[in-house]
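Peer 1: What follows is a structure written as structure tokens; I'll ask about it next.
What follows draws every value from the coordinates through simple rules; no lab data is involved. Predicted model, so just to flag it, every value in this text is computed and none were measured. In this analysis, Cβ positions are derived from the backbone assuming ideal geometry, glycine residues included, and neighbour counts consider all displayed protein chains.
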Amino acid sequence: MWQEDEPKEDIVISKDIVDMAFAIDCRCLLLDHAYNLSQEIYKVLPWFEQEPFAGLHLIRGGESNHGWQRPDQPDSIMYLSRRTKLTLRLPQNCVDKAQVLCGTTFDIDGYSLQVKSARTKELDKIDTLLARNIITKPEISEETFVSDMIAQLTKSGINCRKAVCGKTDNIKTPTGNLFTRSLMLADLEPQASILIQQQGLGTGRTMGCGLFVAHKGINATTSTY
């Protein structure tokens, strides 16, 4: 979907939801680590799965490093830099409770991940957002998927004029694979951008699905989307 621009308004932005980024000590992980990482977090934060505005940003290695390219197969190993973070999206009133993760060591598919200190970051009012994984069904076409997403946003009172469907993916769980698509939303007003990041789209937020992050913009689509 691609509509013409409209004037944007200056609106006061709520700061009720933040990203909480933990420094980690982890050399590598499986690319498909969503389910097992979420299960480890639930053990320490039993409230996390039930908190409606809580979410987990999946850990991403660099695109490349000294000739190494990030793999795209679920069972592939990705190597992480020291700057890589474990990031949770949380209501402000959950930040103190989440501090208990600091000092925890997770075993994720046999790989050790030690959680260190954390800091919070307010959500960005950027006009272009990307969700790398939104749960859908493989038989649904790209056009229908985009239409469904726009309908959900409209129902929440969010006006979105530009949306592009991207890559598909599968997330393994004990009960079967979750089929996902990526979605980029562009030319958003500040209030809409914040609301979309706070609310997300679809289910599976605590496994990294339905969460939107700031994106470089439409010009970067070819290389990163």
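Peer 1: How about residue 137: which lysines have a C-alpha closer than 16 Å to its C-alpha, ignoring those fewer than 8 places off in the same chain?
Peer 2: Counting by Cα, and skipping residues close in sequence, residue 137 has these lysines nearby: 167, 172.
Peer 1: What percent of all Cα-Cα pairs in the range 17-122 falls in each 5 Å bin, counting up from 0?
Peer 2: All Cα pairs considered, the percentages come to 2, 12, 24, 25, 18, 12, 5, 1, 0.
Peer 1: Turning to a different aspect of this structure: Just the C-alpha atoms of the range 129-224: what Rg/Rh do they give, with Rh taken as the Kirkwood radius?
Peer 2: With Rg and the Kirkwood Rh in hand, the quotient comes to 0.95.
Peer 1: Taking H placed 1.01 Å from N in the peptide plane, check which residues at least 5 places from residue 87 or on another chain put their amide H under 5 Å from its amide H.
Peer 2: 22, 57
Peer 1: Starting from 0.36 nm per residue, how many nanometres of slack lie between residue 60 and residue 142 once their C-alpha separation is accounted for?
Peer 2: Gain on stretching residue 60 to residue 142: 27.0 nm.
Peer 1: Sorted from fewest to most neighbouring beta carbons within 10 Å, what does the list 205, 27 look like?
Peer 2: Fewest-to-most Cβ neighbours within 10 Å comes out as 27, 205.
Peer 1: Report, in listed order, any pair from 43/216; 15/97; 116/162 with a Cα-Cα distance greater than 29 Å.
Peer 2: Details: 43/216 35 Å; 15/97 18 Å; 116/162 39 Å.
From 43/216; 15/97; 116/162, over 29 Å: 43/216; 116/162.
Peer 1: Relative contact order of the range 129-224, please, whole-number percent, based on alpha carbon pairs below 8 angstrom and at least 6 residues apart.
Peer 2: RCO, the range 129-224: 40 percent.
Peer 1: Taking the alpha-carbon centroid of each part, what is the distance from the range 15-62 to the range 113-155 in angstrom?
Peer 2: Spelled out, the Cα-based centre of one part sits 15 Å from the other.
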